[in-house]
Structures are given as structure tokens and as C-alpha cells.
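FYI, it's all coordinate maths here, none of it is from the lab. As the structure is a prediction and not an experimental result, all values here were calculated from the model. Positions of Cβ are backbone-derived with ideal geometry, glycine not excepted, and every protein chain shown enters the neighbour counts.
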Amino acid sequence: MKFCTCMILFSLVLCATADNWFSDAGRFIADAFQGARDMYQAYSDMREANWKDSDKYFHARGNYDAAKRGPGGAWAAEVISDARENWQGSVSGRGAEDTLADQEANQWGRSGGDPNRYRPEGLPEKY
């Protein structure tokens, strides 16, 4: 009887400490939603600021904030950035150079680089 009780307790401890894919998936999804919100906030701030040469800063900042959320946030930032650049590249006519520069800023932010690298001079501190 003592052996069975010990085995049950041991099993419960193992289950409680094991990686739980269900909670990991939930965390990933929550991070992705929050990361998407961070990307939208950066876009909204960019539109509100309407500041010359600030595009790359807001790209880097949105990706940076989203990636800080965790793997789900980084995934959301990459998907949103790639979709935007693919759409923009085919519709806006800004050219491949602009798309490459945007993607560089996106990657810089997602990898944890300081978005202020792209901050234009005089942009209000609010942003």
C-alpha cells in the first residue's frame, strides 16, 4: 500500500512539473494577440505622429514590443510585417529598396535591437 501511495504521489509531482503543451499553446496564442496589438499601436502612433522619416523607427518599435511578449509575439510581428511588406511592395510602388529597408528595421526590432537606432531627430518623446 505504501508503494502504491508513493507511486501516485510521485506521478502527481511529475505531472505538475512536466511541460504542459496545452498551457504553452495558450501562452503562445496570448502572446500573439498581444504582439498584434503592439504592432497596431506602433502603426497608430506612426499615423498620429505623421513625422518625416519616422517609418523605420515605428517598424522597429512595433516588432521590438511584440517580440518582447515571447515567441507568440515574435511570430505575430513577423507574419504582420511580412504581409504588410508583400502587399506594400506590390501596390505602393515604393520599390524594393524601401521594402528591404523596412524589413531590416523589422528584423532589428524583433531581434531585440534598440528601435531608437531608427528614431528621427525631433520626434516627440511621446513616441
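Of the GluC sites (Glu not before Pro) in the range 22-127, which ones lie in a loop per DSSP and count no more than 10 other C-beta atoms within 10 Å? Here the GluC sites (Glu not before Pro) that fit, given the DSSP loop and packing criteria, are Glu121, Glu125. Coupling constants for the range 103-115 follow from the phi torsions by the Karplus curve (6.51 cos²θ - 1.76 cosθ + 1.60, θ = phi - 60°), and in residue order they are 5, 5, 5, 4, 5, 4, x, 5, 7, x, x, 5, x Hz; glycine and proline get x.
Give the shape of the range 52-121 as rounded, prolate or oblate, defined through the alpha-carbon gyration tensor: a ≥ b ≥ c are the square roots of its eigenvalues, a/c under 1.5 means rounded, and otherwise the shape is prolate if a/b is larger than b/c and oblate if not. Oblate, because a/c is 1.5 or more while a/b does not exceed b/c. Identify the trypsin sites (Lys or Arg not before Pro) of the range 34-89 meeting these criteria: DSSP loop state and at most 16 other C-beta atoms within 10 Å of the C-beta. Of the trypsin sites (Lys or Arg not before Pro), the ones in loops of the range 34-89 whose Cβ has at most 16 other Cβ atoms within 10 Å are Lys52. Once the C-beta distance of Ala30 and Glu121 is scaled by a Förster radius of 35 Å, the resulting FRET efficiency is 0.40 to the nearest 0.05. On full extension, the segment bounded by Gln41 and Ala101 gains 19.5 nm, given 0.36 nm per residue less the C-alpha separation.
Separation of the range 90-127 from the range 32-84 is 10 Å, based on Cα centroids. What the phi angles of the range 47-61 give under the Karplus curve with 6.51, -1.76 and 1.60, with θ = phi - 60°, is a coupling list of 5, 5, 5, 6, 9, 4, 6, 9, 3, 5, 4, 5, 4, 5, 5 Hz, glycine and proline written as x.
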